Structure formats: C-alpha cells, structure tokens
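Let me give you the structure first, and then I'll get to my questions.
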Amino acid sequence: MDGDPLTLMSVDELLQAEKRHLWHPFTPMQSWCDEAHEPLMLVSGKGCKLTDQHGREYLDGNSSIWTNVHGHAHPTIHAAIRAQLEKVAHTSFLGFTHEPAIRLGKQLVDLMQGSSLTRVFYSDNGSTAIESAMRMALQYWKQNDQPLRDTILAFDRAYHGDTLGAASVGGIPLFKGSGNEFGYRVLRVSSLEALIALPADEIKRLAAVIIEPLIQGSAGMRIWPQGMLSGLSHWCKEQDVFLILDEVMTGFGRTGTMFACQHEEVVPDFLCLAKGLTGGYLPMAVTMTSERVFEGFLGQGRAFYYGHSYTANQLGCAAALGSLQVFREESVMERLPEKIGFLKTQLEILKALPQVLEVRQCGFIAGIEIGPYAQENLTGVKVCMAARKHGLLTRPVVDTLVLMPPLSATLTEIETMVEALRLSIHEVCD
Ligand SMILES: *Cc1c(COP(=O)(O)O)cnc(C)c1O
C-alpha cells in the first residue's frame, strides 16, 4: 500500500492535481481553478460533523446536498455495509437476483403498507428513478391501447434531475438540458388550477403528471398550498392520468413523515426515491409502482427495456437496509416533531432580521430567502461562504439559504447552525 504514489501526496500536491485534472458539476471552473481559491477537501465525518484538510470542523447544514439522514459514520450503517462487503460487493441484476435487494424491496413495500405501491424497480440516482417512471408511464399507455397519451405534464420551476429525460420535465431554465426528441411531449403549467383549466384534447394526451410533493427543492424551497397534492391526486384519478411523485428530496423523513405524500394521504402511481434511501452513504434509487402498471408489462414477450450496470448494487441495498434499521431502532420519526418545533422557533430569529425576506419551512427542511438583491451579486453564495468560518456548510439556491440538517441533528447543533447563518447574514449583508 505504501508503494502507491498517491499515498505520498501532500495536501498541496493533491489540490494541484485536483485543479489540473478534475471537473466539477454545476461549477464555474475558471474561478474554481483560480490560484487564490483553496477548495475545501472533506476528510472525515462523524454524526453531523465534517472535518476538512486542516482539521477544521463544520456542521453539515445541508446533509451533504440533501442525502444524509442519520449522520456520518453511523455504526449501524457501517456494520451493514461491512457485513455485505464480506460476501460480495456487486453482482448483476440482469438475469440474477440477491437477498439484500429482496429484503429491501419488501421493507419499502411494507413502509407503504395498505397502498397500491407493491413493485420496486431499482436504479442508481434520482434522475434515473424519474427516468424510469417516465418511461414506464409512456410505454404503459403505448402498449395498452392508448398510444395518444404521449405527454408528461410538469410544473413551472420543477426540478427532477439532470439526465436528458429528467431535465426535460424540469422548469428551471439554468438547469435544463438541451432538446427532447424522444417521442414524448412536455406540457408545463404553474398550478393545479391551470392544469384543470387545460382543454379536453390536451388532457386526453396526458400520460402522467409529475410533481415534487409539498415542496419544490431546487426552485428555492417553494411550498405548495396545503391540499394541492390531494387535489391533484384526486384529479389524476378522475382523468385516469398517472401521478408520478418525485420524493427524491422529501423521502425518508425530511418533511416530518416518512414520505411527503403521507401528509395528504396520497398514493401515487409512481413514487421515486433516491437521495436518503441509503442514508446518504451510496448512490441508489427506486421507482415504486402498482400491480396495474406492472401487469401492463406482462405477456407477449413484453419487458421494461431499461436498466443500468449497477442496478440494485448489493452494497447500496445493504446501506439502505441499515438506514431503515436505524429508523426503527432509534425511533427517528418519533423524535422528529420536537426537532422540527425547535427549528421553527430558531428560524424566528432569522425571520426577524431586516435582510430576510421570507422563511419557508416544511418539516426539517428550511429555506431562508434574503434580499432582494441583484442575482449577479451572488449574495446567497457569499453568505454560505462566510458561514464556513462559523463552522457551517451549506449551499444556497440563488438567494435562498438552505438549512436541511441530518435528521440526527441535536437541538444544540440546530441552534449552532442557525446562529452561524445569522452571523454570516450580518457580515455579508450589512
Ligand atoms: C436531487 C433531486 C433529483 C435528482 O437526483 P440525482 O440523484 O441528483 O440524480 C431529482 N428530483 C429532486 C426533487 C431532487 O431533489
């Protein structure tokens, strides 16, 4: 191992190689590679704390981009991954099966007990979970005598991921991929009212409606009016249009219930889960659907022609099983209301600041909108950079500061995170 030249690299050498060879997502690489910029290199984590190359500690204020659930280095999840690693890390799900995938699928179905979501399709990330749902919905109608249903309806400012398919239903221009020439249309509306008002010949063409339930994340934590989701679900059932719920961000406790759809007792035709599925340890996703959809793919040599090399990765399944075990053993959901209530009182402090326009909270997710400032001033970015000095890591959406701690955050950690934001807002905006 000591013969590996990489182990001999100093932090400086590593960062030089980083700037010379790597390319980061959604990152203006010109300023990233600037001599004066020293990238933060995260070395280790424990609970809500992350440690950088200099041994400085930070609180993980956005759960490592909305993925981490029970904190870093959780012993239960580590044990689950290690035990699986002793057996095998990865085997193909194409023509084979394995125990962790079966056990996880069963547990996910049990979480949705009494609902019609009884089928689990694995993929690798949020975008592919959405891609799977869109393809299933479109292919279902095509091969089940309604080929005219070629349209997916999505909402303004939606974000559903970055593959071309998932990006095509997104409504944030900055994030949109190019063209969409895959034989389906995307229609976009701003509200349930606008959807209901569509002409009948448009409604007839709808294969599915896709939405981030309760709260749009990448739009800046925009919260839908209460009752919107149940109204939408009701309308979809009436029109026999599939409802795809993108719970990539909201799944696994973030909103105060295990899944956001449970707030309004909605059961979709497709439920897409990713980020928190493995507790934030490994990339993995599922698309859950009903027997109705599944049966539409039976017979006549039919199959769902879609999948990836790492589908149902065994280590990923083990991590997800470990995370669900933590939910049960540590009564995570039972302990959440107190933390959500405490976060609410803490957010009042920020709400009172003159620089704060609006504070939006949905369970354990908060968006603190500052301003109004000209977008090109990058005030939100500056505040989050300043927060690092106060021991907090997070990323804004334009001028909305995101606070979305792991569900395991303690009251003291929540208080420290809010205080770091308060100090940083003062520093940057006064
Ligand atoms: C992050 C996210 C996605 C995309 O997930 P990836 O794993 O990044 O592909 C899709 N939808 C929502 C709501 C998300 O927050």
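When all alpha-carbon pairs of the chain are counted, what percent fall beyond 34 Å?
34 percent
So what's the net charge close to THR151: Lys and Arg +1, Asp and Glu -1, counting the other residues with Cβ under 12 Å from its Cβ?
Spelling it out: positives minus negatives among the neighbours equals +2.
Continuing with the same structure: What whole number of Å gives the distance from the Cα centroid of region 34-107 to the Cα centroid of region 279-304?
For region 279-304 versus region 34-107, the Cα centre distance is 25 Å.
Residue by residue through region 56-61, which ³J(HN,Hα) values in whole Hz follow from phi under the Karplus form 6.51 cos²θ - 1.76 cosθ + 1.60 (θ = phi - 60°), with glycine and proline marked x?
The phi angles translate into 6, 9, 9, 8, 7, x Hz.
Given the pairs LYS351/LYS389; LYS49/LYS351; LYS49/LYS106; LYS19/LYS382, which span a C-alpha to C-alpha distance of over 24 angstrom in this model?
Flagged as over cut-off: LYS49/LYS351; LYS49/LYS106.
How far apart, in nanometres, would the label points at GLU86 and ILE203 be if each is projected 7 angstrom from Cα along the Cα-to-Cβ direction?
It is 5.9 nm.
On C-alpha positions alone, give me the angle between the axis of helix 99-111 and the longest principal axis of the chain, in degrees, nearest 10.
80 degrees
At 0.36 nm per residue, and after removing the present C-alpha to C-alpha distance, how many nm does the segment from THR27 to THR257 gain when stretched out fully?
Result: 79.5 nm gained on full extension.
Then there's this: Report the rotationally averaged projected area of region 50-179 based on its alpha-carbon convex hull, in square nanometres.
It is 12.9 nm².
Another question about this same structure. Above 31 Å lies some portion of the pair distances; for region 77-329, what is it as a whole percent of all C-alpha pairs?
21 percent
When you take every Cα atom in region 227-307, what is the radius of gyration, and what is Dmax, the widest Cα pair distance, in Å?
14.5, 44
Compute the angle between helix 11-21 and the longest alpha-carbon principal axis of the chain, please, reported from 0 to 90 degrees and rounded to the nearest 10.
Around 40 degrees separate the two axes.
From the helices alone, meaning DSSP H stretches of at least four residues, give me the mean residue ellipticity at 222 nm for the chain, per-run term -39500 (n - 2.57), in deg cm²/dmol to the nearest 500.
Computed ellipticity for the chain at 222 nm equals -11000 deg cm²/dmol.
Hey, what angle do you get for helix 228-239 against the long axis of the chain, alpha-carbon based, 0 to 90 degrees rounded to 10?
Helix 228-239 and the main axis of the chain meet at about 20 degrees.
What is the extension gain from ARG56 to MET41, computed as 0.36 nm multiplied by their sequence separation minus the C-alpha to C-alpha distance, in nm to one decimal?
Between ARG56 and MET41, full extension yields 4.3 nm more.
While we're on this one: Between GLN107 and PHE304, what is 0.36 nm times their sequence separation minus the Cα-Cα distance? Round to one decimal in nm.
Answer, rounded to one decimal: 68.6 nm.
We did not get these values from a lab; they are worked out from the coordinates using the rules stated. Keep in mind that this is a model prediction, so the values were computed, not measured. Because the Cβ atoms are built from the backbone with ideal geometry, glycine has one as well, and the counts that use them run over all protein chains shown.
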